Amino acid sequence: MTGTGDLGQISAKLTEMFNTGDVYPLAVLISITFILAGVGYKIASVPFHMWSPDVYEGAPIPITAFLSVASKSAGFALFIRFFYSGFGSTEVMQSVDWTLMLAIVSALTMTGGNLAALPQRNVKRLLAYSSIAHGGYLLMGGVLLTTEGQAAILFYLVVYLFMNLGAFYVVVLIANEVGSEMIDGYRGLSSRAPLVAGAMAIFLFSLTGIPPFAGFFGKWVLFAAVIDKGLYWLAFVGLLNSVVSLYYYARIVKAMYLESAEEAETERVSFSTGTFALLSVFVVPTVFIGFLNIFYTFSNIALQP
């Protein structure tokens, strides 16, 4: 329609075409919807998410961890460039109710991912559906199509990087030692490898969005942004989904701390210094970012007259 593939020129050309009446909103809607489907496939948003659990479960754990973070980050980078640079003009945004469309996709993605994770016994597959749900949370920032929304996405991606890679790293450690990716393999882990169990609990609580960990503040920024935009129902859906996610994350914590291991698995597991050093690379930012935000919040409160 515009005769160019450059996003900046597309934005300028479409704005000009809307002002002169040379383009129909339906044509723009169809075009962007098709491209959004391609981006949705990359970020595993509903209804383009069905490849994700099988690929995550079938791939080696390090590849799964890479896909859950790197490909999702690249997909959202494309999403931001596409919608903010190419179709961020007022005229284009007013032609179609993109806020409602993206909000529905966001709500369906987080709900579908969390509900599908509930019955999973394989930790890697559980985290795959969890990754889908977190894509829905990230889309909450994309719904706004504002600078605040973009900042919320980028902040949550940074937080998600540490807590999700950390969780997958623990899955690698346990799979190598126990030879299983099932939740049952985590039974009694608190007594066999207390530091690893503690780290896993931190990652899972952060993924849930429980304070004082970084995941809580990542979701806080997203929820605050959509509430400020007046999308109270989307924030409520996100809050309900966070409660649902607590159930399946807590099953792993319960297995680690409240269930006994099989007799053959009661021996204490020892890990190298390098293992704990790499684990701390994920644990420290997950905790530090959370406490840093607490300090920043209380400092602002104390400075107010």
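The values are calculated or read from the model by the stated rules, or taken from the named source; none is laboratory data. Treat the numbers as computed from the prediction; the structure is a model and nothing was measured. Here the Cβ is made from the backbone with ideal geometry for all residues, glycine too, and neighbour counts use every protein chain on show. All accessible areas refer to the heavy atoms of the entire protein, side chains included, with ligands and DNA or RNA removed. Shrake-Rupley method; radii C 1.70, N 1.55, O 1.52, S 1.80 Å.
Kindly indicate which of 204, 195, 234 is open to solvent by 10 Å² or more (accessible area, probe 1.4 Å) and assigned to a helix (DSSP H, G or I).
Residue meeting the stated conditions: 195.
Here is a list: 169, 160. Which entry is closer than 30 Å to residue 76 by Cα, buried (at least 21 other Cβ atoms within 10 Å of the Cβ) and touching a His at 6+ places or on another chain (Cβ under 7 Å)?
Values: 169 fails: touching a His at 6+ places or on another chain (Cβ under 7 Å).
None of the other options fit; the residue is 160.
For the range 275-305, give me each residue that is modelled with pLDDT under 65, open to solvent by 70 Å² or more (accessible area, probe 1.4 Å) and either β-branched (Val, Ile, Thr) or part of a helix (DSSP H, G or I) (or both).
Listed by number, the residues that qualify are 295, 296, 298, 301, 302, 303.
With respect to residue 217, determine if the residue is in contact (Cβ under 8 Å) with a residue 40 or more places away in the chain, open to solvent by 50 Å² or more (accessible area, probe 1.4 Å) and in a helix (DSSP H, G or I). Quick ask: steps written out before the conclusion?
On the way: in contact (Cβ under 8 Å) with a residue 40 or more places away in the chain: yes; open to solvent by 50 Å² or more (accessible area, probe 1.4 Å): no; in a helix (DSSP H, G or I): yes.
When the stated conditions are applied, residue 217 does not pass them.
Has the range 252-274 got at least one residue that is modelled with pLDDT under 85, in contact with a Leu (Cβ under 6 Å, 6 or more places away or on another chain) and more than 21 Å from residue 165 (Cα to Cα)?
So far as the range 252-274 goes, no, none of its residues is modelled with pLDDT under 85, in contact with a Leu (Cβ under 6 Å, 6 or more places away or on another chain) and more than 21 Å from residue 165 (Cα to Cα).
Within the range 14-54, how many residues turn out to be open to solvent by less than 80 Å² (accessible area, probe 1.4 Å), of a type outside the set (A, V, I, L, M) and at pLDDT 80 or above?
The number of residues fulfilling the criteria is 10.
Mind counting the residues in the range 123-149 that are within 30 Å of residue 176 (Cα to Cα) and either touching a strand residue (DSSP E or B) at 6+ places or on another chain (Cβ under 6 Å) or open to solvent by less than 10 Å² (accessible area, probe 1.4 Å) (or both)?
11
Please state which of the following conditions residue 210 fails to meet, knowing it meets all the rest: (1) surrounded by fewer than 20 Cβ atoms within 10 Å (Cβ to Cβ); (2) assigned to a helix (DSSP H, G or I).
Every listed condition holds for residue 210 apart from (2).
Does any residue in the range 3-25 that is in contact (Cβ under 8 Å) with a residue 40 or more places away in the chain come within less than 9 Å, Cβ to Cβ, of a residue that is among the aromatic types (Phe, Trp, Tyr) six or more places away or on a different chain, and which pairs are these?
If the second residue must be among the aromatic types (Phe, Trp, Tyr), the pairs left are 7/82; 7/87; 10/87; 11/87; 14/87; 25/18.
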